[in-house]
1. Between R150 and S39, what's the calculated FRET efficiency when r is the beta-carbon distance and R0 is 41 Å? Round to 0.05.
2. Exceeding 28 Å between C-alpha atoms, which entries from my cross-link table qualify? They are K10/K174; K48/K94; K3/K144; K56/K92.
3. Helix-derived [θ] at 222 nm for the chain: sum -39500 (n - 2.57) over DSSP H runs of at least 4, divide by residue count, nearest 500?
4. Give me the Kirkwood hydrodynamic radius of segment 66-130 in Å, from all C-alpha pairs, to one decimal place?
5. At what distance in angstrom do the alpha carbon centres of segment 114-130 and segment 1-26 lie from each other?
6. State, to one decimal in nm, how far the label point of T205 lies from the label point of D178, with both points 7 Å from Cα in the Cβ direction.
7. Report the dimensions of segment 5-70 along its three principal axes from the alpha-carbon atoms, largest first, rounded to Å.
8. Calculated from the structure, mean projected area of the Cα convex hull in nm² equals which of (i) 11.0; (ii) 14.8; (iii) 12.9?
Amino acid sequence: MKKSNDVLSKEVIEGLKWEPLLNSNNIEVSVHDGTVTLSGAVDNYNNKKQAEQTVKHISGVKSVIDNVEVKLSASSIRNDTDITSSVIKALKEKWAIPNHRVTVTVKDGWVTLGGILHWNFQRKAADNAIRYLDGVRGVIDEIKIQAEIRNEIEKEIVEKALTRSWILDINNIKVRVDGKTIFLSGFVSSLFQKEEAERIAWDTTGVWYVDNELIVEFD
């Protein structure tokens with residue numbers, strides 16, 4: 001059943017307060033037709049990401065607009081040179097990330113990641129590696145995925161992979177393949193399902209891009 005804006009707003013606020021490490025007092029919530037907009041401020045980048053992820057797991061949420069700012073305490077502010085060194089070190093310590101393939105630039109605490117990786121999970125690992133670092137205000141992801149394996153992507157293989165997930169109803173999901181791109185369309189019943197379908201598609205051998213056009217719709 002579709003939730004009213006007031007009901008969903010209340011549940012989002014309660015969900016944010018439930019997170020033990022997230023100080024949600026300075027996060028503002030507005031809801032319109034299933035779209036949740038977060039604004040206000042938190043004191044580190046990890047809390048910004050945590051707030052967004054928390055909301056995405058709440059039933060009734062169709063999409064999240066994250067306008068939360070990171071306002072660092074005086075003790076957490078660092079210059080861009082120090083942040084760059086910390087980011088490079090953190091990336092090197094992650095075995096999943098070929099450090100010679102990721103470029104790092106930092107301006108006013110904003111980290112821009114560039115370069116080419118073979119898998120999307122490597123791109124996710126790069127973001128996760130730096131989300132806890134002091135001084136980081138945000139991450140701009142400009143990494144491109146170019147699969148090392150040049151296999152042709154078969155639509156049936158993607159569909160079988162989606163079928164193996166117990167949370168997805170493959171009957172409501174359409175898959176189209178064009179070269180190295182996988183297109184997902186149709187309907188799912190939660191934002192979590194939409195992201196799970198995209199994650200599975202990204203794990204396909206040979207994929208360079210996933211266009212997720214799935215619509216979140218509730219009974």
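1. The pair R150/S39 has a calculated efficiency of 0.40.
2. Table pairs above 28 Å Cα-Cα are K10/K174; K3/K144; K56/K92.
3. Numbers: 6 runs with 71 residues, N = 219.
Taken over the chain, the calculation gives -10000 deg cm²/dmol.
4. Across segment 66-130, the inverse of the average 1/r is 12.7 Å.
5. Cα centres, segment 114-130 to segment 1-26: 30 Å.
6. 2.5 nm
7. In descending order, the Cα extents are 29, 21, 17 Å.
8. Entry (iii).
No value in this document is a laboratory result; all are computed from the given coordinates. Everything numeric here is computed off the predicted structure, so don't read it as measured data. Neighbour counts are summed over all protein chains in view; Cβ atoms, including those assigned to glycine, are modelled from backbone coordinates with ideal geometry.
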